[in-house]
Structure formats: C-alpha cells, structure tokens
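Where a number appears in this text, it was derived from the coordinates with a stated rule and is not lab data. It should be emphasised that the depicted structure is a prediction, and the values quoted were computed from it without experimental measurement. We place every Cβ from the backbone using ideal geometry, glycine too, and count neighbours over all the protein chains shown.
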Amino acid sequence: MAVQNCNILQGKRGLVFGALDERSLAWHVATRCVECGADIVLTNTPQALQLGALPQLAQQAGLTVIPCDATVVADIRHLLAEAQTVLGGPMDFVLHSVAQSLNLRRHRTYEKVNYDYFLKTLDISALSLHKILQTALEMNAIRDGGSVVTLTYLASERYLYGYNDMADAKAMLESVVRQMGAIYGTAHGVRVNAVSQSATNTKAGTQWDEQACFARYVDDLSPLGSADADACADLCVSLFSDLTRKVTMQTIYNDGGFSRTMLTGRLMSEFRNAIDNKNDITQ
Ligand SMILES: NC(=O)c1ccc[n+]([C@@H]2O[C@H](COP(=O)([O-])OP(=O)(O)OC[C@H]3O[C@@H](n4cnc5c(N)ncnc54)[C@H](O)[C@@H]3O)[C@@H](O)[C@H]2O)c1
C-alpha cells in the first residue's frame, strides 16, 4: 500500500515521458509524483497523443502535455524549452518510460529480425535517453542535484525467450545510464538510474505473446510477489526525492526478489504436484 500524506516532492518540477493510458507505468508514476507535491509536465509522441487516452487523462488532472518524439533532437529541444516555461524553471526530475519494438509487435523472432526495425527499437528504447540527456546538458534544463530515472527489464542481462531485440535495447539503455550518470553527475550532481521493473500488465508489457503465462511464473518465483505499477511509482518517487541523493548509475531491481531467486517453495510444490499427477496418469 502506498505511503499516505507524502510530500517529499513538494516544490519540485518534473517531466514525465511515456504515459499512454491509465495502465502505463508512466501514468502511475506521474499521478504519484503529483500526490507527493510535484509540479509536472507530460509528454508523448504526436501519434500517441492522437490515439491514446493521455490528452483526456491530463485534462482531468489539470496537467500540461507537450508532444515530442524522443528520437528527434529538435523535438526534445522544443520540449525542454516549453516545459521550463510551463513549470517556471529547470526540471528537478525526469522519467524516461519509453520503449517500442516493431519486431515484437510484428512477431518477427530474434533470429529473423528485420534490421530496420532493430535499429528503430534501439533508437526509441535506448538512444532516446542519451538524446534527452545530451540535450538537457546542453540547455542546462535539469537543476543541479536533479534526478533522472528510466525503466528497464531483467532481460537486459539474462536470456528470456521471446523478449527479442528489446533485450539488446535494455542492455544499451543500462549502459547509457552508467555513462551519462558519470558525466552528468560530475558536471551537475545529476543522478541517473534505471529501475528494473517486474513484468506489468501495460500496453508495452503485453506485446509479447507469452506474457500471461510468464507473469504467473514470475509471480510464483518472487518471494514478495511481482511488483505492480504502484510499487514502481513509489520507488521512482523515492529516487526523485532528496532521500536518495547519493544513488546514481544503478540498475535497481523492483521485482519482489525475482532476480535473486532460483526456486521458491511455492513453485516447487507446483512442480511436485504436476509430476505426481503425471505419474497418476501413467499408472
Ligand atoms: N510493462 C512491463 O512489463 C515492463 C517491465 C519492465 C520495464 N518496462 C518498461 O517500462 C517502460 C514503459 O512501458 P509500459 O509498460 O508502461 O508501456 P506503455 O506502452 O504504456 O509505455 C511505452 C511508451 O513509450 C512511448 N513511446 C514509443 N515511442 C516513442 C517515441 N519515439 N518517443 C516518445 N515516446 C515513445 C509510447 O507512446 C508509450 O507511451 C518501457 O521502457 C518498458 O520497456 C515495462
């Protein structure tokens, strides 16, 4: 359950990339940031704003939305200038919650990827963070001591059947976090971290064919159970706050312990039951 009466982001200004609809991790983070006292601006691509529910959600919440394709530097420059005008100064925090794979969407398996799609996956899902940080650094758009968080997934470092070219994108994304974290930290004390989130039921999270089956397996294999979107939002808020002012260049696992577990008693019982039942059938 989320902490009540939170005001740890009081007086902070934020920019949130990637809220598409109510299920989006970015929407959960955005609403939690506002509950915790922040002033924020939202952004997504012009296409997403046409097709998704964000304009309506933002209007209901009284939030400004500025269109930006995060792969286009001119768009990012315009966004960072406009957001500073709306918010009244440089940002204290930025959430990068941006990903897409046309190979995944069009069911091209990893050994048969389309290379134009592959490059697009890397551009949208990893290089966009570099472009945002490079532009912000040039424009001094993030306040000294500010905080940037991106969302990643464990398949960056372990093989996961079906995750496809997004695994490569996440590996690159985590490398950008370390490299730009060092550079931006040295220059302006700005922190850059990645939250490695449990599989969550969102539009991007359900592009993968095996999602439903996998979600059940992961939940069973996590000592605390999988982390939902609200838990992701709470962790992001703490990373945007001053409480985590010395945490940077990290990949932080918000996954109920999944990434550190080989087998739980719960899953072992399921295997045992399955084997026992099979034995029954064969007898
Ligand atoms: N849902 C999960 O299971 C899960 C788990 C771990 C990490 N993540 C990561 O969390 C992030 C958010 O995903 P989500 O699950 O909330 O799904 P989502 O589909 O709601 O969010 C993805 C967002 O990326 C935006 N986007 C795509 N191309 C863009 C571009 N060129 N410029 C700007 N924005 C663009 C989309 O419009 C969308 O809003 C992604 O990086 C995803 O990989 C998701």
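Summing Lys, Arg as +1 and Asp, Glu as -1, what charge do residues with Cβ under 11 Å from the Cβ of residue 232 carry, residue 232 excluded? Please list the in-between numbers first.
Working: positive: 32; negative: 228, 230, 234, 255.
In short, -3.
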The chain: proportion of alpha-carbon pairs further apart than 23 angstrom, %: 54
GNM top mover of 240, 17, 258 - the chain, alpha-carbon springs below 10 Å: 258
Hits among lysines - C-alpha to C-alpha of residue 112 under 24 Å, sequence gap 8 or more where chains match: 120, 170, 203
Alpha-carbon centroid distance for the pair region 60-90 / region 139-200, whole angstrom: 20
Rounded FRET efficiency, nearest 0.05, which uses the C-beta distance separating residue 21 from residue 73 and R0 of 35 Å: 0.85
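For every other residue with a beta carbon closer than 14 angstrom to the beta carbon of residue 195, add +1 if it is Lys or Arg and -1 if Asp or Glu, then tell me the sum. All intermediate terms of the calculation are to be shown ahead of the outcome.
Working: positive: 32, 170, 191; negative: 174, 228, 230, 234, 255.
Computed value for this residue: -2.
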Spin-label model distance (nm) - residue 7 vs residue 106, 7 Å beyond Cα toward Cβ: 5.3
Region 14-105: Cα Rg divided by the 2.2 N^0.38 Å rule of thumb: 1.03
From phi via Karplus (6.51, -1.76, 1.60), per-residue ³J(HN,Hα) for region 126-141 in Hz, x at Gly/Pro: 10, 5, 4, 5, 4, 4, 5, 6, 4, 5, 4, 5, 4, 8, 6, 8
Net charge of Cβ neighbours under 9 Å - reference residue 39; Lys, Arg +1; Asp, Glu -1: +2
Spin-label model distance (nm) - residue 137 vs residue 214, 7 Å beyond Cα toward Cβ: 3.2
Estimated distance in nm for a label pair at residue 268 and residue 183, the labels positioned 7 Å out from Cα along Cα-to-Cβ: 4.8
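So between residue 116 and residue 85, what do we pick up on full extension, going 0.36 nm a residue minus the alpha carbon distance? Display every interim value, and only then the final one.
Details: separation 31, 0.36 × 31 = 11.16 nm, distance 3.66 nm.
Full extension of this stretch gives 7.5 nm more.
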